[in-house]
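Everything below concerns the one structure shown next.
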Amino acid sequence: MIEQYIPLILAILIALLFSLFLLKASSWFGPQRPNPEKLSTYESGMEPVRTARERFSVKFYIVAIMFIIFDIEVVFLYPWAVNLKNLIDLMGFFIIAEMFIFIIILLAGYLYLLKKGALKWD
Amino acid sequence: MIPDYLAEFFGNKFIGYLIAAALPLFLWILPYALYAVYAERKVSAFMQDRIGPNRVGPKGLFQTIADILKLIQKEDIVPASADKPLFVMAPYVIFAGTFAAFAALPFSSIYIGSNINLGVFYIMAVSSFSVVGILMAGWAGNNKYSLYGAMRSVAQIVSYEVPALLAIVSAVMVIGSLNLNEISEMQTAYFWNWWIFGGPVVGIKKFLLIIPMTIAFIIFFIASLAEVNRTPFDIPEAESELVAGFHTEYTGMKFAMFFLAEYGNMFVVSAISVSIFFGGWQSPFGYLGNSLGISWLIPVEQVFWFLFKGSLLVLVQMWLRWTLPRLRVDQLMTVCWKYLTPYAFINLVLIGIITLF
Amino acid sequence: MTTYDLIFYLFALIILVSAFIVVAARNIIYSAFSLLFTFFGVAGIYVLLNADFIAVVQVIIYVGGILVLIIFGVMLTNKITEVEIKTESFQVLPSIIISGIIGGTLVAIFTKTNWKVAEPQILDKTVTEIGRFLVSHYMILFELAGIILLVALIGSVMIARKEKLETEEVEK
């Protein structure tokens with residue numbers, strides 16, 4: 001089974017080598033004539049004002065938190081879903097009910113989110 | 001399988017696998033990306049009643065090759081205020097993330113870079129490398145447009161990953177496998193056996209499944225549009241307000257690599273749709289090789305059908321880009337969290353009930 | 001040394017180097033980004049242990065979710081580039097003593113224990129086995145995980161709501 005993963009590592013290796021080749025190629029063919037104007041930050045022709053690295057809104061952070069929670073839930077669904085046909089033969093309706101309980105627990109959380117307006121982006 | 005054949009041919013597993021893993025890059029991604037850019041420009045021209053590129057070669061066919069030759073001669077600028085190590089690293093991370101996904105795509109019954117059991121799941125996972133790459137590029141540029149573009153882009157990609165994963169899991173419930181090659185194999189020739197039409201098993205379940213599977217496909221398609229930052233979800237690179245989004249500061253070949261990765265990603269998400277819902281490499285009308293009795297023709301046909309169906313979906317993405325207006329950020333989040341995610345959950349429950357029959 | 005040993009040492013090297021950068025980097029954003037390589041290396045080690053599903057979950061949740069969260073968190077803090085965030089060491093002596101004791105204990109345990117060596121049970125499809133156990137043997141734990149996720153969700157809502165109240169006050 002591990003053997004099947006070797007091509008994936010090789011693919012990443014090839015991607016890195018190919019990118020290295022392309023970027024090297026551009027440094028062979030491209031000129032290198034930097035000047036302060038050219039190296040300044042692009043701001044549609046204006047003088048750059050301050051740095052871009054300011055504080056960001058917490059909204060992005062909340063989106064990331066919600067993503068992690070729902071992501072973990074969906075990841076839990078995968079092993080169950082792949083096996084569903086065999087499991088139904090094995091345990092019948094019980095298996096679906098079990099998963100529905102899991103989904104309903106999270107759906108309750110989702111409805112709470114909706115009610116509290118956490119999903120609003122304004 | 002071609003990787004094993006190559007390994008035998010060279011007498012060394014490593015070299016065989018290395019060449020097999022490199023095949024999609026040189027035989028498909030590069031020519032495809034060149035002509036996808038050309039197609040995008042021609043499609044947009046057609047839709048806006050223009051001519052589009054028509055100077056280099058007949059009907060402008062060599063325009064993108066000329067573009068790439070031009071880009072390779074451009075100066076590689078690293079802005080003075082940029083964070084140099086991250087600035088240089090970002091294109092590598094993004095391109096590696098895109099190309100790693102190609103290694104698990106089943107191009108035909110005899111060629112798949114790596115026939116892993118977790119196929120789809122793996123592809124959805126490696127796309128998160130691109131997410132980090134985008135953040136890296138946006139941060140490193142020290143440009144306001146880049147950083148805003150990167151933040152919006154990442155918030156959007158992670159949000160839409162939830163409905164995309166849900167749509168896939170609801171299809172997987174019926175299919176019972178994550179291996180893309182196996183999934184394609186199940187949908188034996190003739191298009192009514194595709195999973196979007198309920199799968200190969202005839203019965204009442206098949207007819208009940210048609211509507212939920214179509215909904216699952218539509219949810220996945222919308223979410224995948226958002227994941228590759230295409231219109232109507234292209235607010236991260238909205239030209240009119242953010243110049244070019246997270247790669248504003250990149251020039252020359254580095255810029256070209258972001259472009260390559262973007263078009264590569266468009267094909268990857270289309271290929272997932274094709275493999276799961278539209279029969280993968282299976283031909284919709286049976287094989288010519290079968291009726292003529294030429295067995296080597298079948299794999300060639302399979303490659304053709306896979307690439308053809310994938311490219312068709314890419315073309316649909318382009319068509320949408322030049323038809324629909326852009327969504328606002330709040331609309332974007334509303335669509336994802338208030339519509340797509342609950343619909344995907346309802347669809348999941350629906351398919352779960354149908355599988356009981 | 002087989003090929004797999006070689007791959008193992010490659011991944012181990014990736015983990016060690018990137019983890020060292022996480023700890024030692026002066027700029028906090030470098031620490032955050034080098035976590036990407038640590039997580040990648042850990043996923044590789046999982047694959048070598050025949051736990052491919054865990055490996056992919058590692059990438060999907062840690063790289064796609066937690067790392068993004070950490071980077072967003074770094075960007076939330078004010079002016080990362082201008083303020084030198086101190087990653088210098090202080091309290092060197094006590095920390096050396098404590099970590100020495102802990103490390104020594106771990107090494108002692110590692111060498112003294114009679115490790116039970118068994119042939120690894122290699123499964124062809126790990127994901128189906130995980131699915132079977134998750135809904136039969138570990139059913140209660142599985143539902144409990146759902147409740148923990150619910151609690152986390154409510155917690156994140158509380159953060160979101162607090163932010164909203166603050167902005168309303170500012171508007172007034």
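Values in this text are rule-based calculations from the coordinates and carry no lab data. Everything numeric here is computed off the predicted structure, so don't read it as measured data. Note that we place each Cβ from the backbone using ideal geometry, even for glycine, and neighbour counts take in every protein chain shown.
Overview of values
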{"item": "Exposure proxy order (Cβ contacts within 10 Å, fewest to most) of A:K85, B:K70", "result": "B:K70, A:K85"}
{"item": "Charge dipole (debye, nearest 20) of the protein assembly as shown; +1 at Cβ of Lys and Arg, -1 at Cβ of Asp and Glu", "result": "740 debye"}
{"item": "Column: log10 I(q)/I(0), Debye, Cα scatterers of chain B, q = 0.09, 0.10, 0.11 Å⁻¹", "result": "-0.53, -0.66, -0.80"}
{"item": "Cβ charges +1 (Lys, Arg) and -1 (Asp, Glu), total dipole of the range B:1-73, debye", "result": "380 debye"}
{"item": "P(r) of the range B:1-96 over all Cα-Cα pairs, binned every 5 Å from zero, in whole percent", "result": "3, 10, 12, 13, 13, 13, 14, 12, 7, 3, 1, 0"}
{"item": "Spatially proximal lysines relative to B:K338 (Cα-Cα < 27 Å; intrachain offsets below 8 disregarded)", "result": "A:K59, A:K115, A:K116, A:K120, C:K162, C:K164"}
{"item": "Packing-based exposure ordering (other Cβ within 10 Å, fewest first) of A:F94, B:F357, C:F40", "result": "B:F357, A:F94, C:F40"}
{"item": "Kirkwood hydrodynamic radius (C-alpha pairs) into Stokes-Einstein, chain A, 10 °C and 1.306 mPa s, D in µm²/s", "result": "75 µm²/s"}
{"item": "Dipole of chain B, positive direction: furthest Cα of B:T98, B:L30, B:S283, with charges on the beta-carbon", "result": "B:S283"}
{"item": "Distant-in-sequence amide H partners of B:I77 (H built 1.01 Å from N, under 5 Å)", "result": "B:T251"}
{"item": "Alpha-carbon spread of the protein assembly as shown, three principal axes, descending order, Å", "result": "72, 68, 65"}
{"item": "Per-residue average of Cβ from other chains inside 10 Å of C:22-34", "result": "2"}
{"item": "Charged-residue dipole, Cβ positions (Lys, Arg, Asp, Glu), chain B about Cα centre, Debye nearest 20", "result": "520 debye"}
{"item": "Least to most buried among C:S156, A:S40, B:S170 (fewest other Cβ within 10 Å first)", "result": "A:S40, C:S156, B:S170"}
{"item": "Average beta carbon contacts from partner chains per residue of B:94-107, 10 Å cutoff", "result": "4"}
{"item": "DSSP H segments from chain B that extend 30 Å or more along their own axis, Cα-based, with Kyte-Doolittle mean of 0.0 or above", "result": "B:119-140, B:144-175, B:204-227, B:252-277, B:297-321"}
{"item": "Cα centroid separation, the range B:243-290 to the range A:52-74 (Å)", "result": "27 Å"}
{"item": "GNM top mover of A:L17, A:L106, A:L39 - chain A, alpha-carbon springs below 10 Å", "result": "A:L17"}
